[in-house]
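These notes are about the structure you will find just below.
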Amino acid sequence: MKRLAIFASGSGSNAEQIINHFHNRSLQVCVDLILTNRPNAYVLQRAEKLGVESYVFNRASFYDSDAIINLLNERHIDLIVLAGFLWLVPKNLIAAFPNKIINIHPALLPKYGGKGMYGQHVHQAVVANKEIETGITIHLVDEIYDNGAILRQEKCEVQLSDTADTVAEKIHKLEYKYFAETIEEYLTKI
């Protein structure tokens with residue numbers, strides 16, 4: 001059995017897609033824990049509804065201690081998935097889980113990556129710069145925002161009539177279609 005921990009800061013729609021994807025698969029995968037840095041994040045309600053335990057942490061426990069690492073090790077976590085998690089992952093967590101932390105970014109990296117480039121900020125920049133395509137990047141996590149080895153990129157067209165909201169809809173479709181599938185493929189290699 002492979003055990004996943006999902007970190008999320010917001011609504012958790014990608015987390016829900018991942019949980020549902022692995023619910024009745026032949027590959028033995030369990031989303032064991034949802035972790036968030038926001039006590040009012042909607043992902044906590046999703047976790048409860050889906051029967052997945054959740055854990056809320058603060059900045060000090062994430063950056064200034066090994067509390068999160070210890071929790072993940074106690075639960076025998078094989079892979080960490082960042083699904084809309086906005087904090088930079090600390091070096092000690094990356095060292096404890098080398099090549100075992102995956103993130104999804106709503107753009108074709110290296111474009112529109114880095115600190116502050118998330119969600120609507122990315123889509124607004126794509127539209128403002130009149131890009132003709134955008135997409136998603138699923139990548140491993142290292143010490144720099146949106147910098148790790150790319151596992152997969154998927155593209156979609158951007159029309160002149162698109163707004164940040166319509167681009168977001170296209171990106172969500174790509175995320176829901178490819179994120180869990182890419183996680184599953186990666187799990188077969190670790």
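Within segment 114-190, which trypsin sites (Lys or Arg not before Pro) sit in a loop by DSSP and count at most 15 neighbouring Cβ atoms inside 10 Å? Of the trypsin sites (Lys or Arg not before Pro), the ones in loops of segment 114-190 whose Cβ has at most 15 other Cβ atoms within 10 Å are Lys115, Lys130, Lys189. Per residue, the convex hull around the alpha carbon atoms of segment 90-190 comes to 84 Å³. The reciprocal of the average 1/r between distinct C-alpha atoms defines the Kirkwood hydrodynamic radius, which for segment 17-87 equals 13.2 Å. Surface composition of the chain: carbon plus sulfur atoms contribute 49% of the solvent-accessible area (1.4 Å probe, protein chains only, all chains present). Using a probe of 1.4 Å on the protein chains alone, the accessible area found for Lys49 is around 140 Å².
Please tell me the relative contact order of the chain in percent, rounded to the nearest whole number, where contacts are Cα pairs under 8 Å and at least six residues apart. Each step should come with its number before you reach the end.
On the way: 329 pairs, mean separation 36.8, N = 190.
Computed value for the chain: 19 percent relative contact order.
Within straight-line reach of Lys115, meaning a Cα separation under 19 Å, sit the following lysines at least 8 residues removed in sequence or on another chain: Lys91.
Whole-Hz Karplus values for segment 136-153 come out as 10, 10, 10, 8, 6, 9, 10, 6, 10, 3, 6, 10, x, 4, 7, 8, 6, 10 Hz, taken residue by residue from phi with 6.51 cos²θ - 1.76 cosθ + 1.60 and θ = phi - 60°; glycine and proline positions read x. Here Lys49 is the anchor, and the lysines within straight C-alpha reach of less than 25 Å, apart from those fewer than 8 places off in the same chain, are Lys2, Lys173, Lys177. Once each part is reduced to its C-alpha centroid, what is the distance from segment 36-52 to segment 112-152 in angstrom? That distance is 25 Å. Just one of [x] 9, 38, 37, 14, 2, 0; [y] 9, 32, 28, 18, 10, 4, 0; [z] 9, 38, 41, 11, 0 is P(r) over Cα pairs in 10 Å bins from 0, in percent as worked out from the coordinates here. Which one is it? So the structure-derived entry is [x].
The values are calculated or read from the model by the stated rules, or taken from the named source; none is laboratory data. Just so you know, these numbers come straight off a predicted model, no measurement behind them. Glycine gets a Cβ as well: all are built from the backbone with ideal geometry, and neighbour counts include every protein chain shown. Just the protein is used for accessible areas: all its heavy atoms, side chains included, with ligands, DNA and RNA removed. Shrake-Rupley method; radii C 1.70, N 1.55, O 1.52, S 1.80 Å.
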